[in-house]
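A short write-up of the structure that comes next.
The values are calculated or read from the model by the stated rules, or taken from the named source; none is laboratory data. Because the structure is predicted, anything quoted here is derived from the model rather than measured. As a convention, Cβ positions derive from the backbone with ideal geometry for all residues, glycine included, and neighbour counts pool all protein chains shown. These accessible areas exclude ligands, DNA and RNA; they are computed on the full protein's heavy atoms, side chains included. Shrake-Rupley method; radii C 1.70, N 1.55, O 1.52, S 1.80 Å.
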Amino acid sequence: MLVLVDLLGCYLGYGALFIRPGGAWDAAAIEGIAAAAVFLCVLGALGLLLSYVPVRRGTLARWWLLPPAVFLLLGIARLVHIEYAYPVS
């Protein structure tokens, strides 16, 4: 389950980080990027919740916490970037 969450996070992360809007007028692309970033944040939090207990018990290595934490940080950073680069009029 955790591997699927990480793979879906990679897919959403690609969409959130590498898709560029045509300009400030491209509201559909901006909203799509923001939605992908929000889902990336949700998946990062879900991944952290799913992996915390097994890591704490010692059944998973500590590096399993890294991908969800990176997804969460990238999602937040992309949301902040979208807010500053394309402010709502």
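Pairs linking a residue in region 44-72 that is in a helix (DSSP H, G or I) to a residue that is surrounded by 14 or more Cβ atoms within 10 Å (Cβ to Cβ) and among the acidic types (Asp, Glu), with Cβ atoms under 9 Å and 6 or more positions apart or on different chains, are GLY47/ASP6; TRP64/ASP6; PRO67/ASP6; PRO68/ASP6; PHE71/ASP6.
Sort out which residues of region 65-75 are of a type in the set (A, V, I, L, M), surrounded by 14 or more Cβ atoms within 10 Å (Cβ to Cβ) and under 12 Å from the mean Cα position of the chain (by Cα), and write them in order of number. Passing the criteria: ALA69, VAL70, LEU72, LEU74.
Among residues of region 5-29 that are over 23 Å from LEU43 (Cα atoms), those with a beta-carbon under 6 Å from a residue that is modelled with pLDDT under 90 at least six positions away or on a different chain give the pairs ALA24/TYR86. Take ASP6 and decide whether it is among the acidic types (Asp, Glu) and farther than 17 Å from GLU83 by Cα. So ASP6 passes the test.
The residue list ARG20, ARG62, ARG78 contains one member that is among the basic types (Lys, Arg) and over 18 Å from the mean Cα position of the chain (by Cα), which is ARG62. Of all residues in region 1-41, those satisfying the criterion of being among the aliphatic types (A, V, I, L, M) and open to solvent by less than 30 Å² (accessible area, probe 1.4 Å) are LEU2, VAL5, ALA16, ALA29, ILE30, ILE33, ALA34, ALA36, ALA37, LEU40.
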